[in-house]
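Visitor: Starting off with a structure, shown below.
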Amino acid sequence: MLRLTKNQIQTYRDQGYVIVSDLFNENQLQNLSESLMAVIRHDYGNPEPAKKYTLTTNVVEDPNIAEQESHPTIVDAAQALLFSTVIEPRPH
């Protein structure tokens, strides 16, 4: 189960996003990247680097994307952010 720190939740509140390192393995990242690029190409043609895109296609239809969006770690992080669960790290 993923537990976000107080700093991660505050970053989300301040900036609208949080980065969670090592969430996916290399294979999962490659599959997700390929699936997202296919959706972007479908909606926009050839994508331009460093540009933001809004996906209009139902990406849940793609099994690689659907698998990641329902990944238990993603769900845990979303619940922590939505319900403001703050877990302080234990001192080592």
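Visitor: With the checklist (1) over 15 Å from the mean Cα position of the chain (by Cα); (2) modelled with pLDDT of 80 or more in hand, flag the one item VAL75 doesn't pass.
Guide: Failing condition for VAL75: (1).
Visitor: Specify which of the listed residues (GLN30, GLN10) is in a helix (DSSP H, G or I), over 16 Å from the mean Cα position of the chain (by Cα) and not aromatic (Phe, Trp, Tyr).
Guide: On the way: GLN30 fails: over 16 Å from the mean Cα position of the chain (by Cα).
Of GLN30, GLN10, the one residue that is in a helix (DSSP H, G or I), over 16 Å from the mean Cα position of the chain (by Cα) and not aromatic (Phe, Trp, Tyr) is GLN10.
The values are calculated or read from the model by the stated rules, or taken from the named source; none is laboratory data. What you see is a predicted model, and the numbers here were worked out from it, not measured in a lab.
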